[in-house]
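Here's the structure we're looking at; comments come further down.
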Amino acid sequence: MKCSLLGTVMGLALVLAASARVLAVTEVHAPTEDPDYRDLRDGYVRTWYIFNDSLLDGVLNPGDTRITALDNWWTPLSAHTQHNYDALWVTDEHTYAGTDDRISLPMNHATNVFKDTPADPDNNANYNFWLDTTTFNENTVHFYMTYSQYDNNDFDNMPGATNEQQLTNARNRERNGWAMGWVTNKVNDPNNPVPADQVKVGQVEMDLFVHSGQGTFAMLDQTGNPLGSSLSNPQVSLSNDISHKALENTQWQPPSFDGTTTGTYDENFLANQLYRNVLSISEADFQEIVDSMEIREWNSYDIQNQTTVVNPNRAPSEIKDHFTSGDLPAGYQYEYTDAFTDRSVYAHGTNDGGVIAGLSGYDNYNYYQTGENNWWDQQVIRIDISENMLKGGDDVDENGNPIYGNIQKLVFYDFGSLGTLTDSVGSLITDPQINPAKIIFGVDNTQTFLHGQIYFDHPTLGRVWFPENRIYIAQVEMVPEPGTMAILAVGALGVLLRRRKMKA
């Protein structure tokens with residue numbers, strides 16, 4: 001579903017290169033398909049597009065500016081395990097005390113001591129990191145899209161006799177799709193999950209809303225044959241620094257959100273009953289775990305009554321009740337059915353982060369094929385970032401020390417662009433799944449929140465701002481307004497003329 005002119009323009013304009021870097025310990029390995037899981041689906045690695053909210057209405061629709069594109073990465077393991085947050089990281093020298101800020105970082109688990117594959121002889125955590133943590137910056141949020149072969153298993157049909165098996169089935173059966181994860185701040189030592197320096201240095205205030213992320217869809221395998229049904233419902237699969245009482249076997253697992261009945265983390269929800277049985281915890285323990293979640297889900301339409309959203313004027317209930325467009329079908333209400341918040345405080349030398357699993361990747365928007373401008377018929381991920389998160393605030397931690405938002409940069413990773421990573425002997429590695437390109441967004445606090453303090457230096461459009469610090473991610477290309485098409489056409493013409501001049 002591509003417009004030839006637009007595709008040509010963006011293909012010429014959006015050239016992103018990753019910084020050269022050398023792995024210090026040993027080579028990173030690309031993942032391989034696990035034969036014990038359901039086969040990989042068609043399009044498990046796909047392109048996602050980033051937009052701003054040019055129309056300033058809280059909804060991704062024609063007229064908003066498409067900024068850039070990125071491809072997701074994948075592993076056989078779950079979206080939770082990909083973000084590697086397990087107790088086996090806690091060594092005798094660094095025992096988890098229950099109040100420490102701990103690290104969680106994306107890992108591909110291509111070679112891992114917990115799988116029947118060769119392990120690094122030193123069991124060094126660097127061996128499996130997909131993102132080069134040594135180049136992480138303090139006060140930066142790093143975003144990525146990912147896909148899990150494990151999550152795409154048909155858990156509804158998997159047998160489960162024990163509490164552990166039943167819990168896996170109940171919790172994972174609606175995670176048949178993609179996931180989005182993020183990591184905030186820099187980790188000084190990726191092999192030390194509990195840094196000695198626990199000085200609080202920053203805070204995050206970010207909302208994430210999902211449109212059309214839920215549903216049951218037929219899917220095909222990579223050769224076009226039916227692969228069964230995909231059942232997806234966005235949910236928190238990892239929340240960093242969750243209570244130590246959430247330790248399940250070797251990993252700290254969050255409870256499940258009841259989005260159908262109570263709209264809460266209800267201890268009587270079937271998945272949470274099983275969760276409590278497996279963890280052997282009381283109702284009070286369960287509530288302590290929920291309260292400790294820095295990344296958590298809320299009822300979309302009560303969210304402004306339960307927590308302070310970044311922009312109440314664009315809250316899901318406001319969009320549902322008041323957003324109108326002549327393009328929408330009669331009686332249609334644009335809904336963000338899933339709402340998440342990140343309210344975390346990170347310490348020096350460590351990080352925070354989370355994962356939203358169960359994204360459907362739904363796309364029924366076929367304008368370039370059918371001419372129907374049904375732009376609302378697609379999954380959209382919306383990210384709202386507060387002004388305080390970027391320019392700092394006057395909050396204090398438990399010891400009275402000031403905590404500043406101080407986020408100075410956003411980075412999105414593109415696992416479809418070839419970079420310049422080299423292995424330990426200097427050989428060029430060209431697989432983008434282990435060598436992502438960085439898409440960097442800057443912050444300018446001299447601008448207002450309404451104008452947008454986040455920007456992207458676009459090679460054709462120049463500096464593009466994100467009004468109200470809002471970012472959209474969608475799988476499909478939107479239809480640009482005529483003015484945007486004219487700008488893109490002029491840019492494309494200039495690039496083509498330069499190319500012809502160079503060949504002459």
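I'd like the full set of residues that are under 16 Å from Thr341 (Cα atoms) and not in a strand (DSSP E or B), limited to region 231-247. Break it down stepwise before answering.
Step one: filter region 231-247 for residues under 16 Å from Thr341 (Cα atoms), giving 234-242.
Selection gives Pro234, Asn240, Asp241, Ile242.
Considering only residues of region 332-353 that are crowded, with 20+ Cβ neighbours inside 10 Å and β-branched (Val, Ile, Thr), which is nearest to Pro316 (Cα to Cα)?
Looking only at region 332-353, we keep the residues that are crowded, with 20+ Cβ neighbours inside 10 Å, and these are 334, 336, 338-342, 344, 346-347, 349-353.
Checking the rest, the ones that are also β-branched (Val, Ile, Thr) come to 341, 350.
On the way: Thr341: 13, Thr350: 33 Å.
Restricting to residues being crowded, with 20+ Cβ neighbours inside 10 Å and β-branched (Val, Ile, Thr), the top hit is Thr341.
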Note on Tyr147: of the conditions (1) surrounded by 15 or more Cβ atoms within 10 Å (Cβ to Cβ); (2) farther than 30 Å from Met389 by Cα, unmet is (2)
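Against the condition at pLDDT 95 or above and surrounded by fewer than 22 Cβ atoms within 10 Å (Cβ to Cβ), how does Gln306 come out, does it pass? Can you show your working first?
Values: at pLDDT 95 or above: no; surrounded by fewer than 22 Cβ atoms within 10 Å (Cβ to Cβ): yes.
No: the conditions fail for Gln306.
Listed residues Phe323, Phe340, Phe286; which is in contact with a Leu (Cβ under 6 Å, 6 or more places away or on another chain) and modelled with pLDDT of 95 or more?
Answer to the selection: Phe340.
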Single unsatisfied condition, Pro436 versus (1) surrounded by 15 or more Cβ atoms within 10 Å (Cβ to Cβ); (2) at pLDDT 95 or above = (2)
Close pairs (8 angstrom Cβ cut-off, 6 or more residues apart or separate chains): more than 30 Å from Ile473 (Cα to Cα) and at pLDDT below 70 in region 397-426, of a type in the set (S, T, N, Q) and surrounded by 12 or more Cβ atoms within 10 Å (Cβ to Cβ) anywhere | Ser424/Thr26
Taking the stated definitions as given, is Val479 at pLDDT 95 or above and under 26 Å from the mean Cα position of the chain (by Cα)?
-> no
Return yes when Asp241 is of a type in the set (D, E, K, R), buried (at least 24 other Cβ atoms within 10 Å of the Cβ) and farther than 15 Å from Trp298 by Cβ and no when it is not.
-> yes
Qualifying residue in region 204-217 (condition: of a type in the set (Gly, Ala, Ser), crowded, with 21+ Cβ neighbours inside 10 Å and closer than 20 Å to Ser78 by Cβ) | yes
State whether one or more residues within region 271-281 are over 22 Å from Gly353 (Cα atoms), aromatic (Phe, Trp, Tyr) and surrounded by 24 or more Cβ atoms within 10 Å (Cβ to Cβ).
-> yes
Can you find even one residue in region 279-294 that is within 21 Å of the chain's Cα centre (by Cα), part of a helix (DSSP H, G or I) and touching a residue at least 40 places away in the same chain (Cβ under 8 Å)?
-> yes
Filtered residues of region 191-215 (kept if part of a strand (DSSP E or B), at pLDDT below 95 and among the β-branched types (Val, Ile, Thr)) | Val201, Val204
Restricting the first residue to region 358-387 and requiring it to be surrounded by fewer than 21 Cβ atoms within 10 Å (Cβ to Cβ), which pairs with a second residue that is part of a helix (DSSP H, G or I) meet a Cβ separation below 8 Å and a spacing of at least six or different chains?
-> Asn373/Tyr367; Asn374/Tyr367; Glu387/Asn469
Just give me the residues in region 216-226 being touching a residue at least 40 places away in the same chain (Cβ under 8 Å) and either outside any loop (DSSP other than H, G, I, E, B) or in contact with a Lys or Arg (Cβ under 9 Å, 6 or more places away or on another chain) (or both), in sequence order.
-> Phe217, Met219, Leu220, Asp221, Gln222
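Select, from Asn169, Asn188, Asn126, Asn153, the only residue that is at pLDDT 75 or above and not in a loop (DSSP other than H, G, I, E, B).
Values: Asn188 fails: not in a loop (DSSP other than H, G, I, E, B); Asn126 fails: at pLDDT 75 or above; Asn153 fails: not in a loop (DSSP other than H, G, I, E, B).
That would be Asn169, the only listed residue that is at pLDDT 75 or above and not in a loop (DSSP other than H, G, I, E, B).
Is it the case that Glu33 is surrounded by fewer than 19 Cβ atoms within 10 Å (Cβ to Cβ) and at pLDDT 85 or above? Walk me through how you get there before you give the answer.
Working: surrounded by fewer than 19 Cβ atoms within 10 Å (Cβ to Cβ): yes; at pLDDT 85 or above: yes.
For Glu33, the condition - surrounded by fewer than 19 Cβ atoms within 10 Å (Cβ to Cβ) and at pLDDT 85 or above - is met.
The values are calculated or read from the model by the stated rules, or taken from the named source; none is laboratory data. Nothing here was measured: the structure is a model prediction, and the numbers come from that model. Note: ideal-geometry Cβ built from the backbone for every residue, glycine included; neighbour counts use all protein chains shown.
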